[in-house]
1. Mind checking which residues of the range 208-255 are within 30 Å of Glu134 (Cα to Cα), assigned to a strand (DSSP E or B) and out of contact with any helix residue (DSSP H, G or I) (no Cβ under 6 Å at 6 or more places or on another chain)?
2. Take the conditions of a type in the set (Asp, Glu) and surrounded by 15 or more Cβ atoms within 10 Å (Cβ to Cβ) and apply them to Asp189. Does it pass?
3. Could you say which residue among Phe379, Phe329, Phe406 is within 16 Å of Ser302 (Cβ to Cβ) and touching a strand residue (DSSP E or B) at 6+ places or on another chain (Cβ under 9 Å)?
4. Hey, among the residues in the range 243-274 that are out of contact with any strand residue (DSSP E or B) (no Cβ under 8 Å at 6 or more places or on another chain) and either of a type outside the set (A, V, I, L, M) or surrounded by 12 or more Cβ atoms within 10 Å (Cβ to Cβ) (or both), which one's farthest from Leu303 (Cα to Cα)?
5. Scan the range 346-394 for residues that are touching a residue at least 60 places away in the same chain (Cβ under 8 Å) and either part of a helix (DSSP H, G or I) or among the polar types (S, T, N, Q) (or both) and jot them down.
6. How many of the residues in the range 111-133 are surrounded by 12 or more Cβ atoms within 10 Å (Cβ to Cβ) and within 40 Å of the chain's Cα centre (by Cα)?
7. Name the residue, out of Gly341, Gly312, that is part of a loop (DSSP other than H, G, I, E, B), buried (at least 21 other Cβ atoms within 10 Å of the Cβ), out of contact with any strand residue (DSSP E or B) (no Cβ under 6 Å at 6 or more places or on another chain) and in the same structural domain as Tyr281 (by TED's automatic domain parsing).
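The values are calculated or read from the model by the stated rules, or taken from the named source; none is laboratory data. Everything quoted here is computed from the prediction, not taken from an experiment. Cβ placement follows ideal geometry from the backbone for every residue including glycine, while neighbour counts extend to all protein chains displayed.
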Amino acid sequence: MLGILKIASSAVLTAILILTQSCQKQDHGYKQFLEGGEKVYVAKADSLQAFPGKNRVRLQWLLLSDPTVEGARVYWNNGADSTMVSFQKTDDIDTINVDVNDLAEGGYNFEVITFDGKGNSSIKTTVFGYAYGEQYSSSLVARSLTKATYVDDGDLVFEWRRPNEAILGTVLRYTDIAGNTKMRILPSDKDTLMVNDWMQETPAEYYTWYKPDAVAVDSFQSVSKVLNLQLEFNGDNKVDPTTFSHYPLPGDAPHWTGAGNAFTNLWSGVIAGGAPARAWYRTANGSGMPHHFQLDLGKQVSLSQLRLWQRGAITEHNLLYANGNLRHFEVWGSNDPADDGSYAGWIRLNTCEVVKPSGQNVGVNDPIDIQHAEAGHLFTFEQRTPKVRYIRIKAVENWAKTDFMFTSELQFWEWGTRLIY
C-alpha cells in the first residue's frame, strides 16, 4: 500500500513540473509578440467615394470619431504612385476631399490609408475611379441644330433637337449690331433661342458643354460649329392658307346659292370636281361687272406671287378660257378697309390678265392651253410691295362677258428674307 502511494505522488509531481514549464514557454512567446508595445490602428477613411473629372479624380471620405488622425496617403497604379494629404480633425464628422491630378485617361484603383502623429496607420480602404481626357473630349459634338430662321423684324430664331442627358447647355457666340462679340446660353431644357441684335452678314458659332457622369467634377466642351449666316431676299415664301377667312363688306358681289358653293373653296387646295367637292367658287348671276369680294390673310404680307387656277383646270376642260372664268381682274390690298365697302383705304397691287397661250378663239383649246391651266396662271408683284392683310379681288371681265364669275383656287406667296447657313 505504501508503495502505491509513493508511485502516485511521484506522478503528480511530474505533471506539475511539466505544466509549469509549459506556462513559462507560452508567456515567453506572448512577451515576444508584444515587444515594442501593442499594435494600434487609427480610424480608416469611411464611406470612400471617387468622382470623375478631366484628367483627375476627386476622392472623398468621412472622418468619424478618431481625434488622432492627422493625414492620409493615397496610392494608385498598384502603389507605384501616391500622394499625401494632411488635415486636422474637428469635433464633428469631417469630409475630406483630395484631388488626384495629372492622370492619363482611364480607370484607376485607389487605396487610402490614414495615419496619426505617432506613426500609426489605418487599414486600407479602396475605391475605383475614372479620369476622362482628350479621347472623350474629341468624341463630343455640338447639339444638333434643326433650323435657323430670320424674322422680318431682324430677329434670328435658332431651334435645336432634344438633348441627351449628358448635355449641360449650349453656347451661341455672334456679333451684335454694335460690332461686339456676344454670347447666349441655351439651357439643356430649352429648344429655342432668339437673338434680336445680330449684325447681318456676320457668322456665328456654337458649342455644347457636357457632363459625362452625374457626379463628375468637371464639364467638357464640344468642338465648335461655325454658321456662315447669309440673307437671301426672295418671293418663294408661300402664305399659309389656314389663316385665311372671308372678309365681307357692303357692296360685295353676292354668292351663288348652288349646292356646295362656299367662299372658302377659293383656298381649299381642291381643283378637280364640282362645287360639292370644294373645287371652285362662283358669284351670283346679276352681280354685274365689275364686282369684287375680299379675304383676310390673317397677317400682313408683302405679296410676291399669285397663282390662279381656272374652273375646269383638271376636269371640265370645256370651261377653260370660257364661260364665267376670269379673264381680267385686279388685286387690291388694305390694312384698314372702309366699313362702307368703298375703295377708301385700298391700294391697287396688280392688274392681271389670264392669257390663252394658243390665241385660239373661245371654245377651242390647244394642249398648251390646257397645260398652262393645269399648272395655274402665275402673276408676280413688284419687290417691296406694301404689306397688307386684306385682299380685294376685283373681277373686271370674264371670258363670256357675263355678269358673274367663277374660279377654282387662289394661292399667294410673299416677299421675305431667308437665312442661308
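1. Thr208, Trp209, Tyr210, Gln221, Lys225, Val226, Leu227, listed by residue number.
2. So Asp189 does not fit the description; no.
3. None of the others qualify; the one that does is Phe379.
4. Residue satisfying both the conditions and the ranking: Thr257.
5. Scanning the range 346-394 gives Ala373, Glu374, Thr380, Gln383, Thr385.
6. Counting residues in the range 111-133 that are surrounded by 12 or more Cβ atoms within 10 Å (Cβ to Cβ) and within 40 Å of the chain's Cα centre (by Cα) gives 6.
7. Gly312
Table: residues versus (1) crowded, with 19+ Cβ neighbours inside 10 Å; (2) in contact (Cβ under 8 Å) with a residue 24 or more places away in the chain; (3) more than 43 Å from the chain's Cα centre (by Cα); (4) within 18 Å of Ser122 (Cα to Cα).
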| position | (1), (2), (3), (4) |
| --- | --- |
| Val42 | yes, yes, yes, yes |
| Arg58 | yes, yes, no, no |
| Val69 | yes, yes, yes, yes |
| Thr95 | no, yes, no, yes |
